[in-house]
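Where a number appears in this text, it was derived from the coordinates with a stated rule and is not lab data. All values derive from a computational prediction rather than experimental measurement. A quick note on method: Cβ atoms are made from the backbone with ideal geometry, for glycine too, and the neighbour counts reach across all protein chains shown.
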Amino acid sequence: MIFLNPLYQQLIHLYADKINHFPLIRLSILSLDKTIFYLLIYIVLRILYLKKKKRKVKFKRELGLGLFVAYILLLLFLTVFRAQYFPWDIHIVTGRSLSEINIIPIIETLKLAGGTSIVDFFYNLYGNIAWFIPFGIMVPALKKKRINLLQVTIMGALFSISIETAQFFLQSGVTDIDDVIFNVLGVILGYCLYQFGKSLKKAFK
């Protein structure tokens, strides 16, 4: 870790032996650390791009783009590039059987519901929904042209499928149709919240 190692070491000292799901905490901190690193790179490249194109900087839009990039980076580091910090750390795993992909909906989620750890069940179900709510909010908010629910849903589904595919080839997670289903639900919920927010904004004008 480049930025958050002192925080991580402090958490190890305080909670490593007390929290059963401490590896999840480690993954979260490591992912946040990588997000900060690559977000700084994005900011530098974005500034150089805007200067080269001599474009007028719209602070509100640039802030929105930055938040969206940070969100996408964090999501990818939590799901796909869990063990990799730099691009040269990426290794594609070949020869995996397609039978390892779960294409039967809800079965694995029900297994988690009856498992020994309820945390795994809640994270798999509600976590997969919650993580894609920002996608449903931010995509229509950042698009200059009007975008409807179907378009946002398709974009979210394709992004989710891309994550599951990358997990399979990088062996960084379980490729599961349930994740795609819950992700899409999150996108739809996020879009509905976005439209609700727009309606409230108009009502109070």
Could you name the lysines in cross-link range of Lys144, using Cα to Cα under 25 Å and dropping any fewer than eight places away on the same chain?
Lys51, Lys52, Lys53, Lys54, Lys56, Lys58, Lys60, Lys198, Lys201, Lys202, Lys205
Going by a ≥ b ≥ c, the root eigenvalues of the Cα gyration tensor, does the range 1-90 fall in the rounded group (a/c under 1.5), the prolate group (a/b larger than b/c) or the oblate group?
prolate
If you work out percent of Cα pairs over 28 Å apart from the coordinates, which of (1) 39; (2) 20; (3) 35 do you get?
(1)
Filter the DSSP H helices in the chain by two things, a Kyte-Doolittle mean of at least 0.0 and an axial alpha-carbon span of 20 angstrom or more, and list the hits by number.
22-53, 59-79, 149-170, 177-203
Point-to-point label distance, Ile36-His13, nm (Cα→Cβ direction, 7 Å offset):
1.7 nm
Per the 1/(1 + (r/R0)^6) rule, R0 = 25 Å and r from the Cβ atoms of Lys198 and Val69, FRET efficiency to 0.05 is 0.60
Mind listing which chymotrypsin sites (Phe, Trp or Tyr not before Pro) in the range 45-110 are in a DSSP loop and have 16 or fewer other Cβ atoms within 10 Å?
Tyr85
Calculate the FRET efficiency for Tyr85 and Ile43 from the Cβ-Cβ distance with a Förster distance of 22 Å, rounded to the nearest 0.05.
0.75
